[in-house]
1. Could you list all residues from the range 1-26 that are hydroxyl-bearing (Ser, Thr, Tyr) and not in a helix (DSSP H, G or I)?
2. In the range 31-64, how many residues are out of contact with any Lys or Arg (no Cβ under 9 Å at 6 or more places or on another chain), on the phi < 0 side of the Ramachandran plot and either in a loop (DSSP other than H, G, I, E, B) or not small (Gly, Ala, Ser) (or both)?
3. Quick one: residue 71 ticks every box in (1) out of contact with any helix residue (DSSP H, G or I) (no Cβ under 7 Å at 6 or more places or on another chain); (2) outside any helix (DSSP H, G or I) except a single one, so which number is it?
4. Please tell me if residue 12 is in contact (Cβ under 8 Å) with a residue 12 or more places away in the chain, crowded, with 24+ Cβ neighbours inside 10 Å, farther than 16 Å from residue 173 by Cβ and under 17 Å from the mean Cα position of the chain (by Cα).
5. Of the residues that sit in the range 106-137 and are among the hydroxyl-bearing types (Ser, Thr, Tyr) and in a helix (DSSP H, G or I), which one is nearest to residue 44 (Cα to Cα)?
6. Let me confirm something: among 113, 81, which residue is at pLDDT 95 or above, closer than 30 Å to residue 240 by Cα and among the polar types (S, T, N, Q)?
7. Would you pick out the residues in the range 196-243 that are among the aliphatic types (A, V, I, L, M), touching a residue at least 12 places away in the same chain (Cβ under 8 Å) and part of a loop (DSSP other than H, G, I, E, B)?
8. With (1) in contact with a Pro (Cβ under 8 Å, 6 or more places away or on another chain); (2) under 26 Å from residue 232 (Cβ atoms); (3) among the aliphatic types (A, V, I, L, M) as the list, and residue 55 as the residue in question, which single condition is left unmet?
Amino acid sequence: MSPFMAELIGTMLLILLGDGVVANVLLNDTKGNNSGWIVITTAWGLAVFVGVTVAGPVSGAHLNPAVTIGLAITGKFAWANVGSYILAQMLGAMLGAFLVWLMYYDHFQKTNNPGFVLAVFCTGPAVRNYLSNIISEIIGAFVLIFVVFYITGAEITPSKTPIGLGSVGAIPVAFLVWVIGLSLGGTTGYAINPARDLGPRIMHAILPIKSKGTSDWAYAWIPVLGPIAGAAIAALLYMNLHY
């Protein structure tokens, strides 16, 4: 498996399981309907564990353009490879969202709340204030990237990814995403990953979904630029402290 395919498949699994739990909690007549935030944040953390376990030995399991860009800023990842990694992550996110739509098709048909339908695919603010919304995404992504650098030594490559004892090395990153969701996710839904939000949002726009409403493109720039800015700040701070 090539690094491109590893990033694609790893991100696909991340979104399939991450968006899948949101569908299970929000859509009508599911077994997990209305089971709450703790279920969503726990499953997103475990989804990261799955994606990192699969992709890590091949690509380093970035699974997130903010991670890829942050590593490139530190000089630990070649800028020449950034475009291919981000393309793979975007395609994987779109494919994962498509599979969630396919899996929960009957439940999408039974759900008449456009807000719940959109939330399956992408994030949105609890209180719409673009300044505070982007600050939230910057802070969340900063915590993600900064701590990941400490977990990995800012080298996320097939030989440096902390898989170590089988898949056990992926657990710290899963815990990190879990606590970000529990502690910082209440404002914007903690996208902290441009591909995670933009890829599924595109699929929401093009898939035939009952009661789908708007894809909220006016907000879509925040979960893209916020995580990239947070990653850049984390990378620069890490470099200043350790290089």
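1. Residues of the range 1-26 hydroxyl-bearing (Ser, Thr, Tyr): 2, 11.
The one that is hydroxyl-bearing (Ser, Thr, Tyr) and not in a helix (DSSP H, G or I): 2.
2. Initial filter on the range 31-64 (out of contact with any Lys or Arg (no Cβ under 9 Å at 6 or more places or on another chain)): 31-59, 61-62.
With on the phi < 0 side of the Ramachandran plot added as a condition, the list becomes 31-33, 35, 37-59, 62.
Remaining after also requiring either in a loop (DSSP other than H, G, I, E, B) or not small (Gly, Ala, Ser) (or both): 31-33, 35, 37-42, 44, 46, 48-50, 52-54, 57-58, 62.
Going through the range 31-64 one residue at a time, the tally reaches 21.
3. Going through (1) out of contact with any helix residue (DSSP H, G or I) (no Cβ under 7 Å at 6 or more places or on another chain); (2) outside any helix (DSSP H, G or I) one by one, residue 71 breaks only (2).
4. On the way: in contact (Cβ under 8 Å) with a residue 12 or more places away in the chain: yes; crowded, with 24+ Cβ neighbours inside 10 Å: yes; farther than 16 Å from residue 173 by Cβ: yes; under 17 Å from the mean Cα position of the chain (by Cα): yes.
Yes, satisfied.
5. Quick first cut of the range 106-137, residues among the hydroxyl-bearing types (Ser, Thr, Tyr) only: 111, 123, 130, 132, 136.
From what's left, in a helix (DSSP H, G or I): 130, 132, 136.
Working: 130: 24, 132: 23, 136: 18 Å.
By that ranking, first place goes to 136.
6. Details: 113 fails: closer than 30 Å to residue 240 by Cα.
The match here is 81.
7. Those that are among the aliphatic types (A, V, I, L, M), touching a residue at least 12 places away in the same chain (Cβ under 8 Å) and part of a loop (DSSP other than H, G, I, E, B): 207, 209, 220.
8. (1)
The values are calculated or read from the model by the stated rules, or taken from the named source; none is laboratory data. If you're wondering where the values come from, they're calculated on a predicted model, not measured in any experiment. A quick note on method: Cβ atoms are made from the backbone with ideal geometry, for glycine too, and the neighbour counts reach across all protein chains shown.
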